[in-house]
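The values are calculated or read from the model by the stated rules, or taken from the named source; none is laboratory data. Bear in mind that the values here come from a model prediction, so they are computed numbers and not experimental data. Neighbour counts run over all protein chains shown; Cβ positions are idealised from the backbone, glycine included.
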Amino acid sequence: MLNQFTWIDYFIGICVAMVIYYLWLAIKYFRNDITHVILSKSDERFGSDLFEDEYQDVTEVKSTSAMQEGTAILNTLDNDFEEIEFLIQKLKKVIADTSKSKPVKAEFKEYLRLVLKEYPSVKDSALRESVNELIVAETEKYGIVILSREEVDVLW
């Protein structure tokens with residue numbers, strides 16, 4: 001059955017399939033860029049020079065404000081990560097230090113509550129669950145007071 005197709009037919013079929021596939025990808029992922037290029041070429045023919053200066057001013061203002069927002073978000077994320085790093089270091093130190101004195105569960109929980117209250121921004125962070133997991137893992141590691149995730153979550 002496949003003997004009727006030559007190698008040339010095979011390569012032509014592969015090339016046609018590749019062209020169709022890459023056209024589909026270009027349309028799916030670069031539709032906005034393609035329409036922008038097409039429209040910008042058609043606007044040049046009809047004299048879109050009238051509004052070009054205003055468009056450039058608006059785009060410069062938008063790009064500047066977007067860059068400032070992006071910088072602010074990155075600074076906030078950096079500050080959050082720094083704060084979480086400090087909290088993690090402090091929790092590890094607290095748990096390691098208290099493991100030596102064999103504390104009562106209620107006292108240990110109160111001590112953790114005081115440490116966690118020093119970091120209120122982490123309470124609303126998406127990484128709160130990770131911090132809870134760390135506390136549970138560290139308490140299990142030292143075997144002082146074993147806390148569940150729910151107990152740690154209540155401490156916030």
Discussion item. I'd like to verify a number: residues in region 119-151 that are farther than 17 Å from K100 by Cα, of a type in the set (A, V, I, L, M), touching a residue at least 40 places away in the same chain (Cβ under 8 Å) and in a helix (DSSP H, G or I), how many?
Written reply: 3
Worksheet item: Looking at region 25-34, is at least one residue modelled with pLDDT under 65, loosely packed, with under 10 Cβ neighbours inside 10 Å, of a type in the set (D, E, K, R) and in a helix (DSSP H, G or I)?
Response: no
